[in-house]
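**Student:** Quick one: structure below, then a few questions.
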Amino acid sequence: MAFLAMRGVDKRFGGVIALRDASLHAERGEVHGLLGANGSGKSTLNKILTGVVAPDRVDITIDGRPAAISGPHDAHGHGVAAVYQELSLIPDLSVTANLVLASEDARLGFLRRRADRERAAEVLGRFAAAFPGGNLPLDVPIGNLSPGEQQVVEIAKAVARRPNILVLDEATASLYSAQVEVVFEVVRELKAAGTLVIFPSHRLGEIFELCDRATVLRNGELAGEVTLADTSESELVELMVGSLARPAGRGHQVATQERAARLEVSGLATDRLRDIDLSVRAGEVVGLGGLAGQGQSELLNALFGSTRVRQGTMEVDGRPELPRHPKRAVTAGLALVPGDRTREGLLPVRPILENLTVPSLRRRSRFGVLSHEREREAARSAAEQLQIKYGSLDDGVMTLSGGNQQKVVVGKWLLTEPSVVLLDDPTKGIDVRAKQELYELITALTTDGVAVLLNSSDDDELLGLSHRILVFFEGRIVAELTGDGLTAERLVAAALQVASA
């Protein structure tokens, strides 16, 4: 029996099936890769093991004994520790304080600061080469460290728990190559000591360098378990996407090459993005592909003026524009449907009416005076066009279903009559019918000559809606897929930076 066995794992989020009868079997003293394309269920499986997500069904055994895990505390009790891309550190506290948090050395009710510092130095000392000059920043506030250095501290914090099972979920994504090597050396030491390390990563080179075996998920189900010494990169890609590449939809139907460019970007760079060049023509949907978190959302926010641009140029309908603020972007003809509708797309405590009309109030004002009648008529028109199901425009926007809330986020921008629409995972968390209605809206926009940039965590959605797909990897565009190249296999291969058949 495997040291860790997860069997029959089921998890739904509303109408979305994240995992269906998935499984994972891994041994003590091995580094076990976990692979899959966007939406395959990797993160959900990890979070069930670590107690962050409650499964609908699961059978977990650790070292041959049943393990009931209903929260992170239970996971810790079973010797499970995890590192995610989202850090759990407290920026204002020192590195030492973060490393010993909740396990401080105390005697007779008094904290022993020297003992805590010595313990932190011992833990972080294993990672010394990841810091400039090998100097341990024990007394430095976490917030003063670089993102890579913070990630190393997060890993050290998990290692300090002396876990039997350590989950490193994309833990090297923000690290420089020298820091990656330091982490890999510690992982090898843990493996030699009998620790099981579960290693999800989108970097196949790292998977082959570090891992012994790997589990591959596809669409929430187990696609295969492989021994990496006997497996090629192309075989892994095939397991992720299936043996038959699914054809694209719109990409083969409408030729837009002769149409005028509505958006042109050259040499754009931010803290995360590097040298982005792209063009989107009237009536064209250009998809932003690649694994999640590679710079797609950052690009949309940079174009909309909500992320600082360090260099580069942009034109909208031939006019030089590089918005420094969303207000200017709206004036220039851009609209952004953000990835987090509740925090970034809605005014949660305000009515449906205001949520629909706020960005376009000037269009219904004369001499600085707002026409409430015209405001209501515009809101009713947008709600009817988008088939928003509501009682009264004066109802709170949060009384709507998730799909109808997302339609409100889209509808408010339609009223600004944009030239370019930026869509950041617009169908995330909505039901199938609402998705189909948004797809029809995107088709209607492009028929009217609007240019669309689409980021989606659903590869099928990207392939079905896009005329072209720009694939991102670590803040750069690394491939452009067009025509017959718009296949699931080539999309995943480009996202992982491996050759496709």
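Every number in this text was worked out from the coordinates using simple rules, so none of it is lab data. This structure is a prediction, so every number in the text was calculated from the model and none was measured. Backbone-built Cβ (ideal geometry, glycine too); neighbour counts: all protein chains shown.
**Student:** Angle check, please: helix 147-159 long axis (alpha carbons) against the longest principal axis of the chain (alpha carbons), in degrees 0 to 90, nearest 10.
**Tutor:** Roughly 40 degrees between the two axes.
**Student:** Hey, another quick one. Kindly list the residues of region 140-181 that lie in the label zone of GLU209, defined by a backbone N under 20 Å from the point 7 Å along the Cα-to-C-beta vector.
**Tutor:** Only 147-156, 167-181 fall inside the zone, counting backbone N under 20 Å.
**Student:** In whole Å, what is the distance between the alpha-carbon centres of region 134-207 and region 3-75?
**Tutor:** 21 Å
**Student:** Just to confirm the filter: which trypsin sites (Lys or Arg not before Pro) across region 377-475 are DSSP coil and have at most 12 other Cβ within 10 angstrom of their Cβ?
**Tutor:** Values: sites: ARG380, LYS389, LYS407, LYS412, LYS428, ARG433, LYS435, ARG468; in loops: LYS389, LYS428.
Here the trypsin sites (Lys or Arg not before Pro) that fit, given the DSSP loop and packing criteria, are LYS389.
**Student:** Percentage of Cα-Cα pair distances in region 177-221 greater than 11 Å, rounded to whole percent? Write down the numbers at each step before the final one.
**Tutor:** Working: 705 of 990 pairs.
Within region 177-221, distances greater than 11 Å cover 71 percent of Cα pairs.
**Student:** Long-range amide H contacts for GLY33: which residues qualify at under 5 Å (H placed 1.01 Å from N, peptide plane, sequence gap of 5 or more or a different chain)?
**Tutor:** Amide H neighbours of GLY33: PHE199, ASP212, ARG213, ALA214, THR215.
**Student:** Further question on the same structure: How far, in degrees from 0 to 90, does helix 402-414 lean away from the longest principal axis of the Cα atoms of the chain, to the nearest 10?
**Tutor:** 50 degrees
**Student:** Given contacts defined as C-alpha pairs under 8 Å and at least six residues apart, what's the relative contact order of region 4-241, whole-number percent? If you can, show how the numbers build up before the last one.
**Tutor:** Numbers: 444 pairs, mean separation 69.0, N = 238.
Once divided by the residue count of region 4-241, the mean separation gives 29 percent.
**Student:** Percent relative contact order of the chain, based on C-alpha pairs within less than 8 angstrom and at least six residues apart? Don't skip to the end; give the middle numbers.
**Tutor:** Numbers: 1012 pairs, mean separation 81.0, N = 501.
16 percent.
**Student:** Could you pull out the pairs from LYS42/LYS157; LYS47/LYS412; LYS11/LYS435; LYS47/LYS407; LYS42/LYS428 whose alpha carbons sit more than 26 Å apart here?
**Tutor:** Details: LYS42/LYS157 23 Å; LYS47/LYS412 35 Å; LYS11/LYS435 21 Å; LYS47/LYS407 30 Å; LYS42/LYS428 17 Å.
Beyond 26 Å: LYS47/LYS412; LYS47/LYS407.
**Student:** Also, quick follow-up: Could you check the spin-label model distance between GLU440 and ARG374? Points 7 Å from the Cα along Cα→Cβ, value in nm.
**Tutor:** Those two pseudo-labels are separated by 3.0 nm.
**Student:** For region 373-501, what class follows from the C-alpha gyration tensor (a ≥ b ≥ c being the square roots of its eigenvalues): rounded when a/c is under 1.5, otherwise prolate if a/b is larger than b/c, else oblate? Please list the in-between numbers first.
**Tutor:** Numbers: a/c = 2.82, a/b = 2.20, b/c = 1.28.
Prolate.
**Student:** I've got another one for you. With the Cα gyration tensor of the chain in hand, give its eigenvalues times 5 under a square root as the equivalent ellipsoid semi-axes, listed largest first in whole angstrom.
**Tutor:** Values: eigenvalues 358, 144, 111 Å².
Largest first, the chain gives 42, 27, 24 Å.
**Student:** Mean projection of the alpha-carbon convex hull of region 4-241 over all orientations, in nm²? Numbers along the way, then the final one.
**Tutor:** On the way: hull surface 55.1 nm².
For region 4-241, averaging the hull's shadow over all directions gives 13.8 nm².
**Student:** Next question, about the same structure. Taking H as built 1.01 Å from N, whose amide H comes closer than 5 Å to the amide H of ALA479, not counting residues under 5 places away?
**Tutor:** Amide H neighbours of ALA479: VAL471.
**Student:** With angles folded into 0 to 90 degrees, how steeply does helix 177-192 sit against the dominant principal axis of the chain? Use alpha carbons for both and round to 10.
**Tutor:** The answer is roughly 40 degrees.
**Student:** Treat every Asp and Glu Cβ in the chain as -1 and every Lys and Arg Cβ as +1, leave all other atoms uncharged, and give the resulting dipole magnitude about the Cα centre to the nearest 20 debye.
**Tutor:** Working: 56 positive and 66 negative charges, 291 e Å.
Around 1400 debye, computed over the chain.
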